[in-house]
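Student: Please find one structure pasted underneath; my questions will follow.
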Amino acid sequence: MKPTLRIAILRHGPYPEDPRVLKEARALISAGYEVDLFCLRAPGQPAKAVIDGVRVSRAPMSRRRGSPFSYVMEYLLSLLWMTVTITAAHAKRRYDLIQVNTLPAALIFATLIPRLFGARILFDMHEPTPELYATKYPSQS
């Protein structure tokens, strides 16, 4: 019997609110993978949960609207929490793959230590940068 592959997903946002991430995680579970998801916590959500077989760990922070400084602080604190959490989880579970959902793109740096110890990294860019550029500068695309 083939060993079950372990996959971690990093997301700077709450789960299961984004339908793309929800469908991806459910599809992975249906295909027989073990899935751990690390994300921000929406008000009222527990720190840990199992949703449709996905083990969810939530940061002790949520997204907030505010000044540019508060966005930078939110991203930095999220990056720090994700780095520490995914590194500790990888030491225990040895993920085969870690999927990083952006924004922010800097979240990829949270996977540095697991990558050095063998985890594959999938960088899933959710932002519409090419489409946004083409819309803003139609003559240059």
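Student: Can you confirm whether the range 113-131 contains a residue that is open to solvent by less than 90 Å² (accessible area, probe 1.4 Å), among the polar types (S, T, N, Q) and within 18 Å of Val21 (Cβ to Cβ)?
Tutor: Among the residues of the range 113-131, not one is open to solvent by less than 90 Å² (accessible area, probe 1.4 Å), among the polar types (S, T, N, Q) and within 18 Å of Val21 (Cβ to Cβ), which makes the answer no.
Student: What about Leu103, is it open to solvent by 40 Å² or more (accessible area, probe 1.4 Å), among the hydrophobic types (A, V, I, L, M, F, W, C) and modelled with pLDDT of 95 or more?
Tutor: Numbers: open to solvent by 40 Å² or more (accessible area, probe 1.4 Å): yes; among the hydrophobic types (A, V, I, L, M, F, W, C): yes; modelled with pLDDT of 95 or more: no.
Considered against the rule, which asks whether it is open to solvent by 40 Å² or more (accessible area, probe 1.4 Å), among the hydrophobic types (A, V, I, L, M, F, W, C) and modelled with pLDDT of 95 or more, Leu103 comes out as no.
Student: Filter the range 27-45 down to the residues that are closer than 18 Å to Val100 by Cβ and surrounded by fewer than 13 Cβ atoms within 10 Å (Cβ to Cβ) and list them by number.
Tutor: Ala27
Student: Read through the list (1) polar (S, T, N, Q); (2) assigned to a helix (DSSP H, G or I); (3) in contact with a Leu (Cβ under 8 Å, 6 or more places away or on another chain), then give the number of the only condition that Gln99 fails.
Tutor: With (1) polar (S, T, N, Q); (2) assigned to a helix (DSSP H, G or I); (3) in contact with a Leu (Cβ under 8 Å, 6 or more places away or on another chain) applied to Gln99, the lone miss is (2).
Conditions (1) modelled with pLDDT of 90 or more; (2) out of contact with any helix residue (DSSP H, G or I) (no Cβ under 6 Å at 6 or more places or on another chain), marked per residue:
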residue: Ser62; (1), (2): no, yes
residue: Leu77; (1), (2): yes, yes
residue: Thr85; (1), (2): yes, yes
residue: Gln99; (1), (2): yes, yes
residue: Ile108; (1), (2): yes, yes
residue: Pro114; (1), (2): yes, no
residue: Phe117; (1), (2): yes, yes
residue: Arg120; (1), (2): yes, yes
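Student: Among the residues of the range 32-70, write down those that are within 20 Å of Arg6 (Cβ to Cβ) and either touching a Gly at 6+ places or on another chain (Cβ under 8 Å) or not in a strand (DSSP E or B) (or both).
Tutor: Filtering the range 32-70 down to residues within 20 Å of Arg6 (Cβ to Cβ) leaves 32-39, 48-58.
Selection gives Gly32, Tyr33, Val35, Cys39, Asp52, Gly53.
Student: Consider the range 40-90. How many of its residues are among the small types (Gly, Ala, Ser) and touching a residue at least 12 places away in the same chain (Cβ under 8 Å)?
Tutor: Residues of the range 40-90 among the small types (Gly, Ala, Ser): 42, 44, 47, 49, 53, 57, 59, 62, 66-67, 70, 78, 88-89.
Checking the rest, the ones that are also touching a residue at least 12 places away in the same chain (Cβ under 8 Å) come to 42, 47, 53, 57, 59, 62, 78, 89.
Total meeting the criteria: 8.
Student: Give the number of residues within the range 23-60 that are in contact with a helix residue (DSSP H, G or I) (Cβ under 7 Å, 6 or more places away or on another chain), acidic (Asp, Glu) and farther than 17 Å from Thr83 by Cβ. Walk me through how you get there before you give the answer.
Tutor: First, the residues of the range 23-60 that are in contact with a helix residue (DSSP H, G or I) (Cβ under 7 Å, 6 or more places away or on another chain): 35-38, 40, 52-54, 57, 59.
Next, from what is left, pick out any that are acidic (Asp, Glu): 36, 52.
Restricting the remaining residues to those that are farther than 17 Å from Thr83 by Cβ gives 52.
Total meeting the criteria: 1.
Student: Output the residues belonging to the range 78-93 that are within 19 Å of Ala105 (Cα to Cα) and either surrounded by 14 or more Cβ atoms within 10 Å (Cβ to Cβ) or of a type in the set (Gly, Ala, Ser) (or both). So that I can check it myself, show each step before the final result.
Tutor: Filtering the range 78-93 for residues within 19 Å of Ala105 (Cα to Cα) gives 78-87.
Correct list: Ser78, Leu79, Trp81, Met82, Thr83, Thr85, Ile86, Thr87.
Student: Filter the range 3-26 for residues that are without any contact (Cβ under 8 Å) to a residue 12 or more places away in the chain, open to solvent by 60 Å² or more (accessible area, probe 1.4 Å) and not in a loop (DSSP other than H, G, I, E, B) and give the result.
Tutor: Of everything in the range 3-26, those that are without any contact (Cβ under 8 Å) to a residue 12 or more places away in the chain, open to solvent by 60 Å² or more (accessible area, probe 1.4 Å) and not in a loop (DSSP other than H, G, I, E, B) turn out to be Pro19, Lys23.
The values are calculated or read from the model by the stated rules, or taken from the named source; none is laboratory data. The model shown is predicted, which means the values in this text are computed figures rather than measured ones. Glycine gets a Cβ as well: all are built from the backbone with ideal geometry, and neighbour counts include every protein chain shown. Accessible surface areas use protein heavy atoms only, side chains included; no ligands, DNA or RNA. Shrake-Rupley method; radii C 1.70, N 1.55, O 1.52, S 1.80 Å.
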